[in-house]
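**Q** Could you have a look at this structure, given as structure tokens, before my questions?
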Amino acid sequence: MNYARGVWHHPLLALHETSDFIVVDRGGDGHNCDEQVLPGTWLLTQAGIDRALAGKAARVA
């Protein structure tokens, strides 16, 4: 185990087929471990992630 300052410690594990959390790691100043409650049910897929990233890249270009 590594508990060094500034190192992400992997505190969440999906132990069943369905899990009710998502971990978003980001860089930069400020808090990087904020817990949020999301309304409703969300389904995160690789295709959805790819579309979101493509849209972000288009806005930056």
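**Q** Out of (1) modelled with pLDDT of 70 or more; (2) on the phi < 0 side of the Ramachandran plot; (3) outside any helix (DSSP H, G or I); (4) exposed (fewer than 10 other Cβ atoms within 10 Å of the Cβ), the odd one out for ASN32 is which?
**A** (4)
**Q** Six or more apart or on different chains, Cβ under 6 Å: which pairs go from a residue in region 30-47 that's among the β-branched types (Val, Ile, Thr) to one that's in a loop (DSSP other than H, G, I, E, B) and surrounded by 10 or more Cβ atoms within 10 Å (Cβ to Cβ)? Could you list them?
**A** Within 6 Å, no pair qualifies.
**Q** To continue, here is another question. Please work out which residue is nearest to THR18 (Cα to Cα), limiting yourself to region 35-61 and to residues that are in a helix (DSSP H, G or I) and modelled with pLDDT under 80.
**A** The residue in question is LYS56.
The values are calculated or read from the model by the stated rules, or taken from the named source; none is laboratory data. Just so we're clear, the structure is a prediction, and the values are computed from it rather than from any experiment. We place every Cβ from the backbone using ideal geometry, glycine too, and count neighbours over all the protein chains shown.
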